[in-house]
Amino acid sequence: MGALSLTPNLATWGIAALATLGVILRPFAWPEAIWAVLGAALLVLLGLIPWQAALEGVAKGTDVYLFLVGMMLLSEIARKEGLFDWLAAHAVRAAKGSATRLFALVYVVGTVVTIFLSNDACAVVLTPAVFAATRAAGVKQPLPYLFVCAFIANAASFVLPISNPANLVVFAEHMPPLSQWLATFTLPSVLAIGATYAVLRLTQNARLKAETVAADIAIPALGRGGTIAGIGIVATGAALIGASAAGIELGLPTFLAGLATALVVLAINRGGLVEVARDVSWGVLPLVAGLFVLVEALEKTGLLTRLADWLGHAAQGDPAATAWAGGALVAFGSNLVNNLPAGLLAGAAVQAAHVPDTVAGAILIGVDLGPNLSVTGSLATILWLTAIRREGEDVSAWAFLKLGALVMPPALVLALAALLLV
């Protein structure tokens, strides 16, 4: 009986692994969403997960879908109205012809955007702006600047609870007060952000030294639509901070802010709805839905119970060692199934096991920072990849992994060490 009951579990784990591999490698150049949806559909068709449970899994991502749609609407409106071109011109002027100064400037801006608008917003909103900046500056190799958008989106994503939707998933209704959050995560965040910058700067140094950056470029005029888009982005950041302080889920406020901004701009322009809707990356939504179904199926195999039992037992014996092991395991595991579903599993295990705050904090750091290893580690990185492909750039999974293997481990070790010191 034991072997028979294990067979469906093995099948579920195998399908989830193959689906994730499809998302990573994109066989036949099919979009990532197709592989996630195929894996979810196969689980249902084979009876490995009831269709009702699959729908429950899809429904768990509702807040994430709303958040993403709101951010993508904001980004698309801002791009079409020339806000990114305007900001890019100012950034290039501020760089004063220095490639390294422009690199540092992009990093600082990316940090601020991630902290106050979330890591997904950094990928969706900042990446087009950086493209515009490098294009305006006559940069021949934009990838060093684009890598900043990908890596800082995860490195700065635990400064505030709103900096990453996964933070809300891990702590759920047990979210600590903001003062406690800052006391716990400020030093680990500072070290993670600093270490990520240092490694990125070292690895990209040769490219930056060989680059020439235009110092004096024209500043394009910013119309009413672009101004409203900018106001909408700032207002969204304020709404997210307010919602987080009030314990409100972030999806609906973000969606409403993005929709309102888009509708006002479209009303001023008297049209353009079809163009905006056509250019939004809707494929991200079925990708997220498919990943949530995969996690729901993994939960049905008893994986959550095993994780909770292991966490609870280990934390009782040696909390510090459990924090190191849990943070590291989740960091690397997030790259196998994406950190949002991994955060769901890990968060549920944390709540079920009633582990110490140090262990819960280490797991959150693993969920947030670990995805800097691979392109599938976080939704933010997948959104970033989608954004750069729209501009004619691409980074293979292997190329990102080689860089991520240098960037992520030092930041993770420093952040976990700082957490344990705090």
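Readers should treat all values here as calculations from the given coordinates under stated rules, not as data from a laboratory. None of these values were measured; they are calculated from a predicted model. With ideal geometry, Cβ positions are generated from the backbone for all residues, glycine too; neighbour counts draw on all protein chains shown.
Data overview
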read-out	value
Order of 244, 163, 179 under a 10 Å beta carbon neighbour criterion, fewest first	179, 244, 163
Neighbour cut-off at most 13 other Cβ (10 Å), DSSP loop, chymotrypsin sites (Phe, Trp or Tyr not before Pro), region 69-140	none
Between region 216-260 and region 364-381, the alpha-carbon center distance in angstrom	25 Å
Cα lying deepest toward the dipole's positive end in region 276-331, options 288, 329, 314, charges on Cβ	288
Packing-based ranking, highest mean first, of 333-342, 211-220, 347-356 given that Cβ atoms within 10 Å are counted	333-342, 347-356, 211-220
Gained length - residue 310 relative to residue 278, 0.36 nm times residue gap less alpha-carbon distance	6.8 nm
FRET efficiency for residue 59 and residue 179, using Cβ-Cβ distance with R0 set to 56 Å, rounded to 0.05	0.95
Whole-number Å³ per residue for the convex hull built on Cα positions in the chain	135 Å³
Coil-residue trypsin sites (Lys or Arg not before Pro) of region 59-112, DSSP, other Cβ within 10 Å capped at 14	96
Backbone N under 17 Å from the residue 420 label point (7 Å along Cα→Cβ), restricted to region 186-219	187-189, 191-192
Helical mean residue ellipticity (222 nm; -39500 (n - 2.57) per DSSP H run of 4+; nearest 500) of the chain	-25500 deg cm²/dmol
Straight-distance crosslink candidates among lysines, where the alpha carbon sits under 17 Å from residue 300 and sequence neighbours closer than 8 are dropped	60
Three-way shape call for region 226-279 based on the alpha-carbon gyration tensor, with the a/c threshold at 1.5	prolate
Charge dipole of the chain about the Cα centre (unit charges at C-beta), most positive-ward option of 358, 150, 254	150
Between helix 319-337 and the chain: long-axis angle, C-alpha atoms, 0 to 90°, nearest 10	70 degrees
Low-density loop positions, trypsin sites (Lys or Arg not before Pro), region 262-345 - DSSP coil, at most 11 other Cβ in 10 Å	270
Per-residue ³J(HN,Hα) for region 23-37, Karplus 6.51 cos²θ - 1.76 cosθ + 1.60, θ = phi - 60°, Hz, x for Gly and Pro	4, 6, 8, 6, x, 6, 6, 6, x, 4, 4, 4, 6, 5, 5
Debye equation applied to the C-alpha atoms of region 132-255, log10 I(q)/I(0) at 0.15, 0.21 Å⁻¹	-0.94, -1.16
Cα centre as origin, Lys/Arg/Asp/Glu Cβ charges: region 276-380 dipole, Debye	200 debye
